[in-house]
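The values are calculated or read from the model by the stated rules, or taken from the named source; none is laboratory data. The shown structure was predicted, so the numbers you read here are calculated from the model rather than taken from an experiment. Virtual Cβ from ideal backbone geometry, glycine too; neighbours counted across all protein chains shown. Areas reflect the complete protein model, heavy atoms only, side chains present, ligands, DNA and RNA absent. Shrake-Rupley method; radii C 1.70, N 1.55, O 1.52, S 1.80 Å.
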Amino acid sequence: MMESSKSCPSYIAKPGAELFGIVTAEGQVAYLEESIKIDKTFVEKAAEHEARTGQAAEDRFRFSGKCIQGGCGQWDHEHSACSLVGRIREALEKKAEAALSPCAIRSSCRWYFQGGADACGHCNEVVRSVEKQRLDALATE
């Protein structure tokens, strides 16, 4: 797969995004074997749920979408790489399990491309709702 066609495994819930994991009650991600493209109806229902419960879709699901590289605040221009997975790896120093869980996006995943199996070992640590709040705030400025 070409470098420019990588998927961001830390995407927001918006039409066209790929749902590839469901956060369990224990806070772990149950990865789907095949991703599901979400549509406007999914996003609207997720927004209704958030209005009722305060729980964003990004707290309950994992989404992927096209990595926009330099257009993302997580992009490290000096190294031409996503900085988020590296920062998480350094902070947690966690190694990947011997056998990786099935993952619908691994073949296109930006983090796997950059960090291999060790990057997969950190995927459970990412919650997108904080980034979504930042993006929403930028949109209203």
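Of note:
- Restricted to segment 44-71, and to residues there that are crowded, with 17+ Cβ neighbours inside 10 Å and either of a type in the set (A, V, I, L, M, F, W, C) or touching a Pro at 6+ places or on another chain (Cβ under 8 Å) (or both), the residue that is farthest from V23 (Cα to Cα) is C67.
- Members of segment 34-43 found to be outside any helix (DSSP H, G or I) and open to solvent by 80 Å² or more (accessible area, probe 1.4 Å), listed by number: E34, I36, K37, D39
- Qualifying residues in segment 29-46 (those that are small (G, A, S) and within 16 Å of the chain's Cα centre (by Cα)) - the one farthest from C8 (Cα to Cα): A30
- Every listed requirement among (1) touching a Gly at 6+ places or on another chain (Cβ under 8 Å); (2) at pLDDT below 80; (3) not hydrophobic (A, V, I, L, M, F, W, C) is met by Q114 save one, (2).
Residues checked against (1) of a type in the set (V, I, T); (2) under 23 Å from Q74 (Cβ atoms):
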| residue | (1), (2) |
| --- | --- |
| Y11 | no, yes |
| K14 | no, yes |
| Q28 | no, yes |
| I38 | yes, yes |
| T41 | yes, no |
| G54 | no, no |
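- Applying the criterion of being of a type in the set (S, T, Y) and out of contact with any strand residue (DSSP E or B) (no Cβ under 6 Å at 6 or more places or on another chain) to the residues of segment 1-25, the residue that is modelled with the lowest pLDDT is S4.
- Scanning segment 19-33 for residues that are open to solvent by 50 Å² or more (accessible area, probe 1.4 Å), farther than 11 Å from F63 by Cα and aliphatic (A, V, I, L, M) turns up just one, A25.
- For segment 10-30, the set of residues classified as among the hydroxyl-bearing types (S, T, Y) and in a loop (DSSP other than H, G, I, E, B) consists of T24 only.
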